[in-house]
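See structure below.
None of the figures in this text is laboratory data; all of them are computed from the coordinates on show. Here the structure is a predicted model, which is why all the values come from computation and not from measurement. Every residue, glycine among them, receives a Cβ derived from its backbone with ideal geometry; neighbour counts consider all protein chains shown.
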């Protein structure tokens, strides 16, 4: 069975933390995953400087995962850092959480509200959503993905999602994978009555499509 | 287990033909499906007139599938006829093959060539692809989905896909579900070396996402 390489765009020496996104993808889509994180960025990617600094590191980790036999690479960050560079560097399909989440939201219909680390949605998300973007914002007190692990952050995130719905959003797209980490999607659906699109799980969805076709083509 | 309602936008009294798309979705995603077709359109949807005529029929079939307990509806036509009207009419998620296929192609990256029943891609597909659309065309001799069942149609479809790749397409999106019916995707991937996005299977992918979240929200 082929393996999906998951690049975590945040540094940690805790294997359970590094492997969390991969485990959720395994549980939901029945894929095998192998996760690895970039070095030297304990707060992840949260602004232009940290984005730029991450790009060569992501390419390097993706190349290592491909060399170890991964048949697809998933960059698990909603800003899609290094997506084009990684596609140019490895000979296998590469998906990003931002573009995958935005594409999934497009297919599910309606106008999309984006909840993330900045009041403006990441460029990778805006480029795909186009005029289907209803509004975007960040939860109060949240600037970095690690802020979502603080007490009360989940409640503040739901409150922010409520403001997106009030601004016309018919679905809420998570543009920070920390919202996946805290498992916010079911609360949004239950409390606000709109679908929540989890960027990490959407990227797993797209990876499952790419990997299935790849396996099928090989087996002909 | 919940059921995906599949609306076939072509008339047939052959249950195996009507159920074909649903069966492929069941096999690939492990969903249960129930298929139904619209009346009085033995050549499906292939121009503005046949599109317009299909709209109220699709809404009616979708309403019936929803009333019978479907938890999501899939309109299995790459032109997405009646997508907005059906979303307004039923209280469950509705996906269309055109927008789902285009969204999946966006997430997988690169410029997209569209193979369908017309030299111009359907509006539902163009609206999602935007400037990622590389080129679009129809296989020689193919005007209606039923033409794809004729001898030589698969070879002519591969030849058309080759022209799309020569025009800059890095992936080929099927904008006619007849290309699903003849199982063309593996040939494209094998002979042309680019991913093929099958609109029906992409819609099944999006439906699987929507149905999973719905079930999860109910179970909280």
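Summary for residue A:120: label point 7 Å along Cα→Cβ; distances to the equivalent points in the other copies, ascending, 3.5 nm.
In percent, what relative contact order does region B:74-143 have, based on Cα pairs under 8 Å that are 6 or more apart in sequence?
Values: 100 pairs, mean separation 21.5, N = 70.
Result for region B:74-143 is 31 percent.
Over every Cα atom in chain A, the radius of gyration and the widest Cα-Cα span, Dmax, amount to 16.3, 53 Å.
Here the gap between residue B:191 and residue B:140, fully extended at 0.36 nm per residue and compared with their Cα-Cα distance, gives a gain of 16.5 nm. Each of B:176, A:37 was scored by other Cβ atoms within 10 Å of its Cβ. Listed from fewest to most, they are A:37, B:176.
Axis angle, to the nearest 10 degrees, between helix B:199-219 and the longest C-alpha principal axis of chain B: 30 degrees. Take every pair of alpha-carbon atoms less than 8 Å apart whose residues are at least six positions apart; their mean separation over the length of region B:99-200 yields a relative contact order of 32 percent. Extent along the principal axes, Cα only, for region A:11-77: 36, 23, 19 Å, with the longest axis given first. The distance separating the Cα centre of region A:108-158 from that of region A:1-48 comes to 20 Å.
For Cα pairs less than 8 Å apart in space and 6+ apart in sequence, what is the mean separation divided by the residue count of chain A, i.e. the relative contact order in percent? Let's see the in-between values first.
On the way: 475 pairs, mean separation 45.1, N = 220.
The normalised contact order for chain A reaches 20 percent.
Dimensions of region A:99-200 from C-alpha coordinates, computed as largest minus smallest value along each principal axis and given longest first, are 34, 26, 22 Å.
Let me have the 222 nm mean residue ellipticity of chain B computed from DSSP H runs of 4+ only, each contributing -39500 (n - 2.57), with the sum over all residues rounded to the nearest 500. Mind showing how you got there, number by number?
Details: 10 runs with 107 residues, N = 220.
Calculated at 222 nm, the ellipticity per residue is -14500 deg cm²/dmol.
Of all chain A residues, the one whose Cβ lies closest to the rotation axis that maps A onto B, given with that distance rounded to whole Å, is A:103, 2.
Cα convex hull of region A:1-113: how many Å³ per residue? Intermediate results must be reported in sequence, preceding the final value.
Details: hull volume 13.1 nm³, N = 113.
Dividing the Cα hull volume of region A:1-113 by its residue count gives 116 Å³.
Note on the protein assembly as shown: Cα-Cα pairs beyond 37 Å make up 20% of the total pair count. Any chance you could give the angle, 0 to 90 degrees and rounded to 10, that helix A:153-166 forms with the longest Cα principal axis of chain A? The helix A:153-166 is inclined about 70 degrees to chain A.
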